[in-house]
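Q: Next up is a structure, given as structure tokens.
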Amino acid sequence: MSCREKWEVIKVDTHPLVDGRWVKVKAHIRNNATNVVRVYDTEEILKDDEECPNDWSWTNGNYGCDCNRELFFLRANGDVEPEDSVCSTGRFSVNLQNPVTGEFYYKEF
């Protein structure tokens, strides 16, 4: 799949980019214990010299941790967020999708 397909470009005032653009992304987050999948609307950076939006936040950054993935999973459904969340890996998996084309550019399940 070529990520250089159509993307919905958005403006993020707090993080302007010189060498790329912000694009809308749908994060499909699965609770691995229940297999329930919820879709969380988010945005990622698509740099001018890259084929796909950067997935670092989800693979090695803060979004790779279950405590943040659980928050996004709950927010996607409007559920109340817990006061404390367990920091771990493996309880949640994510697939990242271009909402314009329906193509997934990153998949964990």
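Quick note: the coordinates plus some simple rules give every number you see, no bench work behind them. Predicted model only: the values in this text are computed from it and were never measured.
Q: Enter the angle in degrees (range 0 to 90, nearest 10) between the Cα long axis of helix 66-75 and the first principal axis of the Cα atoms of the chain, meaning the one along which they spread out most.
A: The two axes meet at around 80 degrees.
Q: Is segment 1-50 best put as rounded, prolate or oblate by its Cα gyration tensor, with a ≥ b ≥ c the root eigenvalues, rounded for a/c under 1.5, and otherwise prolate when a/b is larger than b/c, oblate when not?
A: prolate
Q: Let me ask you something else. When the helices in the chain are scored as -39500 (n - 2.57) per DSSP H run of 4 or longer and the sum is shared across all residues, what 222 nm value do you end up with, to the nearest 500 deg cm²/dmol?
A: It comes out at -3000 deg cm²/dmol, rounded to the nearest 500.
Q: Explain nothing, just compute: Karplus ³J(HN,Hα) = 6.51 cos²θ - 1.76 cosθ + 1.60, θ = phi - 60°, for every residue of segment 82-88 in order, whole Hz, x for Gly and Pro.
A: Once rounded to whole Hz, the list reads x, 5, 10, 10, 7, 8, 7.
Q: Through the Karplus equation 6.51 cos²θ - 1.76 cosθ + 1.60, θ set to phi - 60°, convert the phi angles of segment 98-103 into ³J(HN,Hα) values in whole Hz; use x for Gly and Pro.
A: With the stated coefficients, segment 98-103 comes to 7, x, 6, 9, x, 6 Hz.
Q: Round to a whole angstrom and tell me the spacing of the C-alpha centers of segment 1-36 and segment 50-86.
A: 13
Q: On to the next question. Counting only residues 5 or more places away or on other chains, whose amide H sits under 5 Å from the amide H of Glu43 once H atoms are built in the peptide plane?
A: Amide H to amide H, under 5 Å and 5 or more residues apart or across chains, Glu43 pairs with Val25.
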